[in-house]
């Protein structure tokens, strides 16, 4: 599904280039549940942003579902993102001014889905995530867990083959976090590819692959069991 | 459509969530759009909308021209020549203004009236709402006396649903009402009565220019062709030695707009600039707001919004703002138009000024354009931000990128520049206005009351009777307590009336047709003393200057300068070619007065004693020792005491006339000053906004500086210095724009040059002070930053 070859990300500064990612080579297959780990500032979120085509300022080669992302322009990348990628963030990033219903509706509207189809898809999602009763509430009226649930529902509503999650449980109680991770696992078993960034070994254990980043370099890959043993 | 509704819904909700921002933006736009709508409604009526007459594009004003006089009213013989000879005109019509006293039924009333040719209304288009128009034979002397009355007079004076055939008494003569005109006739002022001409060439000689002649071009609205044709007709008339004069034609629409066109265009430009400043201000607010919306925009991008979709959404919000602002602006304009109409009593076609479909369409168009104008740059900026950074945990949320800050600074510089241009324009008009008021008008208007009296010829047909009436009236009024002096005059200064006649000077010859012209005035002996017109040499009139004594005249300095520059005029003899007959000896020279307007030059004038040449229509002027208006009742009683059927009309003070004569100038000055003040205020708000955001962004830096020993004054200097740089850049740009642009104002200026250094410097200073004050408030806030808190905050 994803192939990165010699991907580099750097900032020009007065003192020269500051590298965030160095010669990253990575393959992600469909149905993978990949965890990216590493200390703060290692480049995890940057890598996730590149994978999600939110960041366009990198060098190297990036193939996504057989399409060379490095050769696409901004608009074409945005189209790929819109069709195939769902995002889940640590701080949920729901829009405060929109109700739960409208937050869920947003990606569909950006995909130009017809009004009546939108309504039925949003209702399905509300039902599936058990948040029908919350549909007219604003994010500020929900608990953190509920907000993240809505955020996941929003990421999934376009039925993307790839979910990118940046510290999805970072702001949640452990029980709420567990609930979200179980949900991811279920989705993965249903065929969705998931790439998550996390500091938590326990969350990493839900996946089937782990890569570690250190100062922008990818370390040799481990499997979750080994990671758990090392932890 | 679905997306549009969604964007509108979200946009409206987003705006409602920030009521402070929304209120400021909507109000700013309402002021800008409102001012534009109000001025456009006047521009539309005066400059764009055709006159409400039949095929108005082919209607022209036809006037006489002669060496030294660009354009003058026509004489009756000229009108007849043009009518007979011209192939250029499909039809010609003429009129002149007069007044008639309506007596016999109810209170006597002096009515404004038009004497018209029978063909005038058929040519122009409006036909009587009731009854018929005039027949050609009714123009001839001796024909039956018939009258058309205005809709207003019918409503005011006649209770009956039909007045056709009703006999009325005008100027003591019996007339029959044959028709009622519809309301809203757009020429000749607001006459209440229309009477056919009934002229003969003996009473209206070629030298007497008093008629307004209108023509309908046969060829269509091509003025170049029409001008060539009338020029060839004039050449034929000259070749046949009928006249030595020429003919000049002007489109009627252009003539009616007259002097107001340049002022209107300047004001329209000014409100355009105000709107640009308002746009810059709202764009600035949006840019500041976009900083706090970075995260929202990033999320939208992350969940699939394309850049164009985001731009569309942000523009929809801008359009919601501008449409609400436009709606509110329309209400402001409604009120503004009422205010304009009540303040601009001398504007042409004023009764037609209103907010109609065209104005509404203009407002809607301006609102939409405005929304795009102020919304586009912020939308482009916001949608191009680095949204990955905004989504990072702990990423900066409130910062303005350097590009955005630069754009905001650029907007402020433009606002300062545009405000400077407007302020300089207003400054120049204010200085002109002061110069006009300072201009010596040649008489003292304070505490002087003026009343018009028009004696009906039926009772006062003989000159002796006219003289006797005014003589007795003056004697009575002079005896009233509180009266310092009273006099009568045929043409009141600044009263809007003037006539001139050919002037013969003994011992000099001019071709009959090229006699020099002089304004003619009939006055009573005390006139110069009552109005405070100073005597330069010789004497003024005395009660002994009567019909049987030596016929005398007093001339003004302009006439003395023009025709007696090398000789003493006293003792020389002149003959005015209309009212007077025979020679009058010049006995005195008086100072010039401003007769036609405070900003117009004085023309040569001849005064003759009314007792030697009486007339039926005179204006009584009374100088009071105290409040002149307090005398109205007593003076009126004296008029009725002399003749209880004699109406008094147009009671006003000379001070009112002075104020009225500078009315249009005062109006354009006040409006431009108002718009410039608004621009100054908006610019100050803009500078304040940018400096406030800048200070908020630099809190950490300021904290560090203070921790390192910067004093409060240093911080204030730092912030004010940044604002001062923007202001100076704006001033530089503004001066560069104003220098060529103020030349467009030249036609409105009086006694001050378009590049008046005092105005340029004074206004720049004022703007600098206001801008620095606007910077000072955020600077003071910055200087109160707690260094430790600021550092910890970061």
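The values are calculated or read from the model by the stated rules, or taken from the named source; none is laboratory data. Model, not experiment: these values are computed from the prediction. Don't worry about glycine lacking a Cβ; one is built from the backbone with ideal geometry, like all the others, and counts go over all protein chains shown.
So for region A:193-204 (the condition being within 13 Å of chain B (Cβ to nearest Cβ) and outside any loop (DSSP other than H, G, I, E, B)), does at least one residue qualify?
Yes, some residue in region A:193-204 is within 13 Å of chain B (Cβ to nearest Cβ) and outside any loop (DSSP other than H, G, I, E, B).
Out of A:119, A:165, A:155, I need the residue that is assigned to a helix (DSSP H, G or I), closer than 18 Å to residue A:94 by Cα and within 14 Å of chain B (Cβ to nearest Cβ). Which one? Break it down stepwise before answering.
Numbers: A:119 fails: closer than 18 Å to residue A:94 by Cα; A:165 fails: assigned to a helix (DSSP H, G or I).
Answer to the selection: A:155.
In region B:445-462, what residues are in a strand (DSSP E or B) and under 15 Å from residue B:628 (Cβ atoms)?
If the condition is that a residue be in a strand (DSSP E or B) and under 15 Å from residue B:628 (Cβ atoms), then B:448, B:449, B:450, B:451 are the ones that fit.
Within region B:442-470, can you find the residues that are in the same structural domain as residue B:556 (by TED's automatic domain parsing), out of contact with any strand residue (DSSP E or B) (no Cβ under 8 Å at 6 or more places or on another chain) and under 24 Å from residue B:519 (Cβ atoms)?
If the condition is that a residue be in the same structural domain as residue B:556 (by TED's automatic domain parsing), out of contact with any strand residue (DSSP E or B) (no Cβ under 8 Å at 6 or more places or on another chain) and under 24 Å from residue B:519 (Cβ atoms), then B:463, B:466, B:467 are the ones that fit.
Among residues belonging to region B:590-601 that are touching a strand residue (DSSP E or B) at 6+ places or on another chain (Cβ under 7 Å) and closer than 21 Å to residue B:662 by Cβ, point out the one that is modelled with the lowest pLDDT.
B:595
Filtering region A:71-102 down to residues that are at the interface with chain B (Cβ under 9 Å from one of its Cβ atoms) and within 15 Å of residue A:131 (Cβ to Cβ), which residue is surrounded by the most Cβ atoms within 10 Å (Cβ to Cβ)?
Checked region A:71-102; the qualifying residue surrounded by the most Cβ atoms within 10 Å (Cβ to Cβ) is A:94.
Does region B:268-308 hold any residues that are within 14 Å of chain A (Cβ to nearest Cβ) and touching a residue at least 24 places away in the same chain (Cβ under 8 Å), and which are they?
Listed by number, the residues that qualify are B:289, B:292, B:293, B:294, B:295, B:297, B:298, B:299, B:301, B:302, B:307.
Looking at residue A:66 and the list (1) at positive phi; (2) surrounded by fewer than 18 Cβ atoms within 10 Å (Cβ to Cβ); (3) at the interface with chain B (Cβ under 9 Å from one of its Cβ atoms), which single condition is not satisfied?
(3)
Count, please, the residues in region A:104-116 that happen to be in a loop (DSSP other than H, G, I, E, B) and either at pLDDT 85 or above or touching a strand residue (DSSP E or B) at 6+ places or on another chain (Cβ under 7 Å) (or both). So that I can check it myself, show each step before the final result.
Filtering region A:104-116 down to residues in a loop (DSSP other than H, G, I, E, B) leaves A:111-114.
From what's left, either at pLDDT 85 or above or touching a strand residue (DSSP E or B) at 6+ places or on another chain (Cβ under 7 Å) (or both): A:113-114.
So the count comes out to 2.
Let's see how each residue does on (1) in a loop (DSSP other than H, G, I, E, B); (2) crowded, with 19+ Cβ neighbours inside 10 Å:
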position: B:487; (1), (2): no, yes
position: B:493; (1), (2): yes, yes
position: B:501; (1), (2): no, yes
position: B:533; (1), (2): yes, yes
position: B:541; (1), (2): yes, yes
position: B:546; (1), (2): yes, no
position: B:560; (1), (2): no, yes
position: B:568; (1), (2): yes, no
position: B:571; (1), (2): yes, no
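Only one of (1) free of Cβ contacts under 8 Å to residues at least 40 places away in the same chain; (2) at negative phi fails for residue A:130. Which number is that?
The single condition residue A:130 does not satisfy is (2).
Answer with yes or no whether residue B:37 is in a helix (DSSP H, G or I), modelled with pLDDT of 85 or more and either more than 14 Å from chain A (Cβ to nearest Cβ) or closer than 23 Å to residue B:684 by Cβ (or both).
Working: in a helix (DSSP H, G or I): yes; modelled with pLDDT of 85 or more: yes; either more than 14 Å from chain A (Cβ to nearest Cβ) or closer than 23 Å to residue B:684 by Cβ (or both): yes.
Criteria met by residue B:37.
Which of (1) loosely packed, with under 15 Cβ neighbours inside 10 Å; (2) under 24 Å from residue A:21 (Cβ atoms) does residue A:202 not meet, given it meets every other one?
Here residue A:202 clears every test but (2).
Quick grid of which residues meet (1) buried (at least 22 other Cβ atoms within 10 Å of the Cβ); (2) outside any loop (DSSP other than H, G, I, E, B); (3) away from chain A (no Cβ under 14 Å); (4) touching a residue at least 24 places away in the same chain (Cβ under 8 Å):
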| residue | (1), (2), (3), (4) |
| --- | --- |
| B:3 | no, yes, no, yes |
| B:42 | yes, yes, yes, yes |
| B:53 | no, no, yes, yes |
| B:57 | no, yes, yes, yes |
| B:65 | no, yes, yes, yes |
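Given the options B:22, B:28, name the one that is within 14 Å of another protein chain (Cβ to nearest Cβ), surrounded by 19 or more Cβ atoms within 10 Å (Cβ to Cβ), within 30 Å of residue B:374 (Cβ to Cβ) and at pLDDT 90 or above.
Every option except B:22 fails the conditions.
Is it the case that residue A:125 is more than 10 Å from chain B (Cβ to nearest Cβ), touching a helix residue (DSSP H, G or I) at 6+ places or on another chain (Cβ under 7 Å) and either assigned to a helix (DSSP H, G or I) or crowded, with 22+ Cβ neighbours inside 10 Å (or both)?
On the way: more than 10 Å from chain B (Cβ to nearest Cβ): yes; touching a helix residue (DSSP H, G or I) at 6+ places or on another chain (Cβ under 7 Å): yes; either assigned to a helix (DSSP H, G or I) or crowded, with 22+ Cβ neighbours inside 10 Å (or both): yes.
Judged against the criteria, residue A:125 is a match.
Please find, among B:330, B:391, B:400, the residue that is surrounded by 20 or more Cβ atoms within 10 Å (Cβ to Cβ) and either under 30 Å from residue B:268 (Cα atoms) or at pLDDT 85 or above (or both). Give the derivation first.
On the way: B:391 fails: either under 30 Å from residue B:268 (Cα atoms) or at pLDDT 85 or above (or both); B:400 fails: either under 30 Å from residue B:268 (Cα atoms) or at pLDDT 85 or above (or both).
Every option except B:330 fails the conditions.
With a cut-off of at least 1 residues that are under 30 Å from residue B:271 (Cβ atoms), name the helices (runs of 4 or more DSSP H) lying wholly within region B:627-697. Even if it seems obvious, please write down each step before you answer.
Values: elements: B:632-642, B:654-661, B:663-697.
Hits in region B:627-697: B:654-661, B:663-697.
Of the conditions (1) at pLDDT below 90; (2) closer than 24 Å to residue B:692 by Cα, residue B:746 fails just one. Which one is it?
Status for residue B:746: all satisfied but (2).
Within region A:168-192, can you find the residues that are more than 14 Å from chain B (Cβ to nearest Cβ), in a loop (DSSP other than H, G, I, E, B) and either in contact with a strand residue (DSSP E or B) (Cβ under 7 Å, 6 or more places away or on another chain) or under 17 Å from residue A:37 (Cα atoms) (or both)?
Across region A:168-192, the qualifying residue is only A:192.
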